[in-house]
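Just below is one structure, and these are the notes that go with it.
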């Protein structure tokens, strides 16, 4: 039986991996399905830097998602919703590991502000969890909707021959759509428009910063 202390240790380990790196995916990296030639394309310096910036944004998004799901899971009233959040969190952990691996291949790094991103997202997740399960699920649904739009944009913006990054982003997009649909099916409450706009503004600030730092 997993005790409260065990859950704290597991949560701390996940937080540390999110902030410091070293995440381990349970699923194979989608980029590995590319041919050997496509896996490591010849990108010029400008393309490489641009791809790295986009993948760093995606990694930060997964750091935030990990923090959100961990916080919301702690406060879930319904055990089934808690289990759903845990499953989604594991898939986000896969995303984080894939992005981290791709950044290493591109000769780049994860965001230096990851401790800030994680702590801020964790606080937001706690607030969403305290509001109740339906509002918490509504926050998940809206977050995934906005993330899906970002990933759509990244699929268009990545260098045309960077098939490895594109394969990773495409699988992430499919998973995010599934998470959002699961939240609606579980009884998510639609968020008020001002909250949606605030989330979008915060997301724009995060993406602009993470692209460079």
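The values are calculated or read from the model by the stated rules, or taken from the named source; none is laboratory data. Fair warning: this is a prediction, and the values are worked out from it, not measured in the lab. Cβ sites come from the backbone with ideal geometry, for glycine too, and all protein chains shown count toward neighbours.
So here's what we get for this one:
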read-out: Filter result for residue 76 (closer than 23 Å to residue 171 by Cα and either modelled with pLDDT under 85 or crowded, with 22+ Cβ neighbours inside 10 Å (or both)); value: no
read-out: Residue 48 being closer than 16 Å to residue 162 by Cβ, part of a helix (DSSP H, G or I) and touching a residue at least 12 places away in the same chain (Cβ under 8 Å); value: yes
read-out: Pairs where the first residue, in the range 181-201, is farther than 19 Å from residue 65 by Cα and the second is at pLDDT 85 or above and loosely packed, with under 15 Cβ neighbours inside 10 Å, C-beta under 8 Å, 6+ apart; value: none
read-out: Matching option when the condition is part of a helix (DSSP H, G or I), touching a residue at least 60 places away in the same chain (Cβ under 8 Å) and either in contact with a helix residue (DSSP H, G or I) (Cβ under 9 Å, 6 or more places away or on another chain) or at positive phi (or both), among 82, 31; value: 31
read-out: Qualifying residue in the range 101-120 (condition: without any contact (Cβ under 8 Å) to a residue 12 or more places away in the chain, surrounded by fewer than 21 Cβ atoms within 10 Å (Cβ to Cβ) and more than 24 Å from residue 208 (Cα to Cα)); value: no
